Amino acid sequence: MTDPTGRGAVAAVWRIESARIVGALARYTGDFALAEDVAQEAVAEALVTWPRDGVPHNPAGWLLTVGRRRAIDAFRRRSAADERYAALAHDLGEGGAFSGAAPAEHADDVLWDPDQIDDDVLALMFISCHPVLSREARVALTLRVVGGLTSDEIARAFLIPTATVQARITRAKKTLGAAGVPFEVPPAEERKKRLGSVLNVLYVIFTEGSTASSGDALIRLDLASEAQRLARVLVRLVPDEPEAHGLLALLELTAARFPARTGPDGEPVLLEHQDRRRWDHGAIRRGRAA
């Protein structure tokens, strides 16, 4: 029986679980770019399969399983290619052999490890916000792999062509690969040094949402809300980092004024003229508690 909600379920599961799925696959493969690619392939397969066969009982696990299979296929292709290259080198009298066999020891790994999920997501944040990347690349990669947004969604949020977003993400992954950035949570001292980069990216995303640099709307709630969500995730992952709490408080308190920041026609309303009864007092409470 065809399930008409299948495509919507794919989008919902991906938005909620994408960081954990990509993180688990990156830990499994040891290759950040490959993990993101095979995760996208799993989503593409789900878009075909779920509407036709129904949403699986464990949708995130289904995506992980398909992603793992795609990763194994990729390892096998690499191994076969390396064997061909080695044979060619031997025929040319160069001797030597290439090593690229699929890591068989990974075949039975348990990907969905509840004890490592937080570390996986934290590692994704620090990798996508790595200082070796440009600020634009960090923003695009963070929204893609941690936020779960599509290239089209990121492009719409920043009013730039989708091709530009895709190029930034592709270059970012190549840059990380060329720099040999490992998939791991940085050691405590290194994490403190790089935390500022993560916080900066989240603040840039929120700033673009709270005061849009282009377009007709002053506020882009979807973008600002995504920055708030990611800041909440970061605080849960690094609860002892006061700067993370400080950023979350700033975002919550700033967002609390959104309902009163624009008039009936979308025109900006200065702070002294805002109707404070329209402020989001729930966000104020969250900001004070951060």
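The values are calculated or read from the model by the stated rules, or taken from the named source; none is laboratory data. Keep in mind it's a predicted model, so treat the numbers as computed, not measured. Note: ideal-geometry Cβ built from the backbone for every residue, glycine included; neighbour counts use all protein chains shown. The protein model used for the area step is the full one, side chains on, heavy atoms only, and it has no ligands, DNA or RNA in it. Shrake-Rupley method; radii C 1.70, N 1.55, O 1.52, S 1.80 Å.
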Restricting to helices (runs of 4 or more DSSP H) lying wholly in segment 112-186: which have 3 or more residues that are over 29 Å from S214 (Cβ atoms) and out of contact with any Cys (no Cβ under 6 Å at 6 or more places or on another chain)?
-> 117-128, 162-179
Is it fair to say R277 is closer than 25 Å to N200 by Cα and either among the aromatic types (F, W, Y) or in a helix (DSSP H, G or I) (or both)?
-> no
Might you let me know whether segment 258-267 holds any residue that is hydrophobic (A, V, I, L, M, F, W, C), buried (at least 19 other Cβ atoms within 10 Å of the Cβ) and under 27 Å from R156 (Cα atoms)?
-> yes
Do you know which residues across segment 116-132 are open to solvent by 10 Å² or more (accessible area, probe 1.4 Å) and modelled with pLDDT of 90 or more?
-> H130, V132
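Each row is one residue, and each column tells you yes or no for (1) at pLDDT 90 or above; (2) open to solvent by less than 10 Å² (accessible area, probe 1.4 Å); (3) part of a helix (DSSP H, G or I).
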residue: R27; (1), (2), (3): no, no, yes
residue: V38; (1), (2), (3): yes, yes, yes
residue: V43; (1), (2), (3): yes, no, yes
residue: T49; (1), (2), (3): yes, no, yes
residue: H57; (1), (2), (3): no, no, no
residue: L63; (1), (2), (3): yes, yes, yes
Do the conditions hold for L34, that is, is it under 16 Å from F183 (Cα atoms) and outside any loop (DSSP other than H, G, I, E, B)?
-> yes
Those residues of segment 155-212 which are within 17 Å of L230 (Cβ to Cβ) and polar (S, T, N, Q) amount to S197, N200, T207, S210
Number of the condition not met by E252 [criteria: (1) open to solvent by 20 Å² or more (accessible area, probe 1.4 Å); (2) in a helix (DSSP H, G or I)] | (1)
By residue number, the members of segment 4-18 that are open to solvent by less than 10 Å² (accessible area, probe 1.4 Å) and within 13 Å of Q40 (Cα to Cα) are V10, S18
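Yes or no, residue by residue, for (1) within 17 Å of the chain's Cα centre (by Cα); (2) on the phi < 0 side of the Ramachandran plot; (3) free of Cβ contacts under 8 Å to residues at least 12 places away in the same chain:
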{"site": "G147", "(1), (2), (3)": "yes, yes, no"}
{"site": "A178", "(1), (2), (3)": "no, yes, yes"}
{"site": "V185", "(1), (2), (3)": "yes, yes, no"}
{"site": "A188", "(1), (2), (3)": "no, yes, yes"}
{"site": "N200", "(1), (2), (3)": "yes, yes, no"}
{"site": "V204", "(1), (2), (3)": "yes, yes, no"}
{"site": "L223", "(1), (2), (3)": "yes, yes, no"}
{"site": "H245", "(1), (2), (3)": "no, yes, no"}
Here the residues within segment 149-176 that are touching a residue at least 40 places away in the same chain (Cβ under 8 Å), surrounded by 14 or more Cβ atoms within 10 Å (Cβ to Cβ) and over 14 Å from the mean Cα position of the chain (by Cα) are A157, F158, T175, L176
Can you pull out the residues in segment 216-234 that are surrounded by 15 or more Cβ atoms within 10 Å (Cβ to Cβ) and not in a helix (DSSP H, G or I)?
-> L218, I219, R220
